[in-house]
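The values are calculated or read from the model by the stated rules, or taken from the named source; none is laboratory data. Treat the numbers as computed from the prediction; the structure is a model and nothing was measured. A quick note on method: Cβ atoms are made from the backbone with ideal geometry, for glycine too, and the neighbour counts reach across all protein chains shown. In case anyone asks, the SASA skips ligands and DNA or RNA and just uses the protein heavy atoms, side chains included. Shrake-Rupley method; radii C 1.70, N 1.55, O 1.52, S 1.80 Å.
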Amino acid sequence: MITYPTTGEAHRPGRIEVVCGSMFSGKTEELIRRMRRAQFAKQRVEIFKPAIDVRYSEEDVVSHDQKHIQSTPIDSSASILLLANDIDVVGIDEAQFFDEGIVEVCNTLANRGVRVIVAGLDMDFRGVPFGPMPALCAIADDVTKVHAICVRCGSLAYVSHRKVANDRRVLLGETQEYEPLCRDCYQKATQK
């Protein structure tokens with residue numbers, strides 16, 4: 001009889017996976033893909049999103065290409081610990097909008113043996129690291145940086161350039177408000 005080691009997904013040690021990049025890079029789509037795989041494997045999953053993100057749906061996590069998955073909107077990262085009992089995989093979308101406590105929440109879950117998948121913008125429209133994302137990348141077991149395509153030259157995008165005049169750091173929007181630009185095109189756009 002052949003026996004196989006029980007490591008990897010069968011053992012399910014806790015871990016933190018971060019998917020980051022600019023807008024329109026496929027972060028949420030990748031989060032949804034990973035969560036659906038876990039559901040298919042009959043794992044218990046729960047997805048959370050910031051309650052302020054109502055662009056496509058008040059409840060579902062929805063990607064720009066309209067892929068969606070049921071989620072629980074929350075106002076505070078502490079709510080995740082209260083709502084994630086007996087869960088194998090926790091998904092968190094738009095993590096840049098959460099408070100700094102999200103870092104400890106993710107660590108606590110991973111230390112309990114939960115697989116935590118986090119998606120979020122790594123930088124704001126000014127090219128500055130966004131909210132808790134740098135700390136989440138630092139504690140992650142795995143970081144996947146995804147890239148949009150620069151709408152001006154076709155290179156890999158570097159940042160989400162804001163096209164409208166508004167200096168607020170948080171401004172929910174889509175293609176009317178933002179465009180993905182490479183570093184060179186972003187420099188040209190902001191020097192005007």
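Below are the figures for this structure:
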quantity	calculated
Among the candidates Ala119, Ala110, residue that is open to solvent by less than 10 Å² (accessible area, probe 1.4 Å), in contact with an Asp or Glu (Cβ under 8 Å, 6 or more places away or on another chain) and under 16 Å from Ala140 (Cβ atoms)	Ala119
Residue list for region 150-165, filter: touching a residue at least 60 places away in the same chain (Cβ under 8 Å) and either β-branched (Val, Ile, Thr) or open to solvent by less than 50 Å² (accessible area, probe 1.4 Å) (or both)	Ala157, Val159, Ser160
Of residues in region 19-60 being open to solvent by 40 Å² or more (accessible area, probe 1.4 Å) and closer than 20 Å to Arg162 by Cα, the one modelled with the highest pLDDT	Phe24
Any helices (runs of 4 or more DSSP H) falling wholly within region 73-192 and containing at least 1 residues that are in contact with a Phe, Trp or Tyr (Cβ under 7 Å, 6 or more places away or on another chain) and not hydrophobic (A, V, I, L, M, F, W, C)	183-190
